[in-house]
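Derivation of every value follows stated rules applied to the coordinates shown; laboratory data play no part. The structure displayed is predicted, hence computed values, not measured ones. So basically every Cβ, Gly included, is an ideal-geometry build from the backbone, and we count neighbours across all protein chains shown.
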């Protein structure tokens, strides 16, 4: 394992010879728009990540959505949670500035996430997964249950939940609308086309532009196609036995999610033995961003227990 900072951080080295685990320390207490992007090597992959918040307690690992890189995280959510918790967001294998090729299953994405977490030297983490990241978070909990303390699943559902054909059609339509209006497809996928939804979309995209320097590398075509295949495969797979995920789970979604129907989130919460569910009103797939003022304190309260 090795780490480096694309700015000024020094390398961190494993101390396997001493049978100890080296825990990577946060660089500083910077805001998301300024925090340095670092890298750490694990399993032949150089993972790009950003690390901020207090150096205490169980770290929160952020797992992002379809076709997203580090700069697609809402700084209002990241900075809000980082006021009290150490937050680490990373590009999984083949995403953004991380090396390698994106795998075509969520199981493999989960294994890569576990490799990253262990390379960081953590023996226990909290997870916050949004959309595809929520599916990856479930894989981490299923594959390495001792590694996970608590989980936040936002805008996501269970594997084998059905409706995958609808998701594909909705996404294609949104990208056509985006091309015709010279806008980002997330205007149509994340937020309802109501006055409040449109305002929330404008605020969201303004927040994404807060970071102006040292931005992440864009998503590649290979990554896009592999992620889409992974989502389709997961949607058509047999359901997982979620009863074995006994950790506390906070499930959140909007009530008008076009990507992952809110009923799938509710079904997932029912199947998880220790889950709580929040459905935000008048919002879509990006409901946790539209309602960040409510979502952030709710997450902090949930993780503080």
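For this structure, a couple of remarks:
- Spacing of the two label points (7 Å from each Cα toward its C-beta) at residue 293 and residue 215, in nm: 2.8
- Over the chain: Rg over Rh, Cα atoms, Kirkwood Rh: 0.94
- Acute angle (nearest 10 degrees) that the helix 262-271 long axis makes with the longest principal axis of the chain, alpha-carbon atoms: 50
- Taking the longest Cα principal axis of the chain as reference, the axis of helix 132-143 is set at about 50 degrees.
- Relative contact order for the chain, counting Cα pairs under 8 Å that sit 6 or more residues apart, in percent: 19
- Take each peptide in 149-160, 134-145, count the other Cβ atoms within 10 Å of every residue, and average; sorted highest first, the result is 149-160, 134-145.
- Per-residue ellipticity at 222 nm computed for the chain from its helices equals -11500 deg cm²/dmol, with DSSP H segments shorter than 4 residues left out and the rest contributing -39,500 (n - 2.57).
- Counting only DSSP beta bridges whose two residues both lie in region 2-304, roughly 40 percent are antiparallel.
- Net length gained if the chain between residue 178 and residue 41 were fully extended (0.36 nm per residue, minus Cα distance): 45.7 nm
- Legend: calculated FRET efficiency, residue 58 to residue 194, from the Cβ-Cβ distance at R0 = 45 Å, rounded to 0.05, equals 0.75.
- Model label points for residue 300 and residue 247, set 7 angstrom from Cα along the Cα-to-Cβ axis, are 2.2 nm apart.
- Once the Cβ-Cβ distance of residue 31 and residue 225 is raised to the sixth power relative to R0 = 30 Å, the FRET efficiency obtained is 0.35.
- 84, 229 arranged by Cβ crowding within 10 Å, fewest neighbours leading: 229, 84
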